[in-house]
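Read the structure below first, then the notes.
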Amino acid sequence: MNKSILCLALSSMFILTACQTTPRQYNGSTGYQIENQTKTSATLAYTLAGRSNQQLDERKLQRACQNVLGAQKVYKLSILSVNEIPNPAKDEQYGIKLGETRASFGLSNTPSLNNGEDYATRQALEARPSTLKVVRYTCS
């Protein structure tokens, strides 16, 4: 019983770790974009969160190359440029828009005094980095 629980815990931890380093196509805020691609090399632009974790970032860059060029080899990475950009603000949509008018209908987004929702926790979960890093690099 203890071995099966330990095995289950280790496998779930491995899966969660693998999901953290999975490269993703650009979704408007983070991910990689293919700028140029040949059979043996590619130039990519990867937008990362503003925090710096060199090992994690290097793994993400390597995995993006493997997604583009093929997963069977380790590629040589050459950094062309690293730029910081402001994180684009998320459009907050409250309520329902009524046709083509400026009028909208919705519930208040302010917390009431006696509700069970923890407002500080919700604000912390919605926290976003103020800057993003755009890394342009080639892999061959």
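Restricting Tyr94, Tyr46, Tyr26 to residues that are at pLDDT 65 or above and hydroxyl-bearing (Ser, Thr, Tyr) narrows the list to Tyr46. The set of residues in region 28-50 being touching a helix residue (DSSP H, G or I) at 6+ places or on another chain (Cβ under 6 Å) and either of a type in the set (Gly, Ala, Ser) or in a helix (DSSP H, G or I) (or both) consists of Ala42 alone.
Scanning region 51-85 for residues that are closer than 17 Å to Pro129 by Cβ and part of a helix (DSSP H, G or I) yields a total of 4. Of all the numbered requirements in (1) in a loop (DSSP other than H, G, I, E, B); (2) modelled with pLDDT of 85 or more; (3) surrounded by 10 or more Cβ atoms within 10 Å (Cβ to Cβ), Pro111 misses one, and that requirement is (2).
The values are calculated or read from the model by the stated rules, or taken from the named source; none is laboratory data. The model shown is predicted, which means the values in this text are computed figures rather than measured ones. Cβ atoms come from the backbone with ideal geometry, glycine included; neighbour counts cover every protein chain shown.
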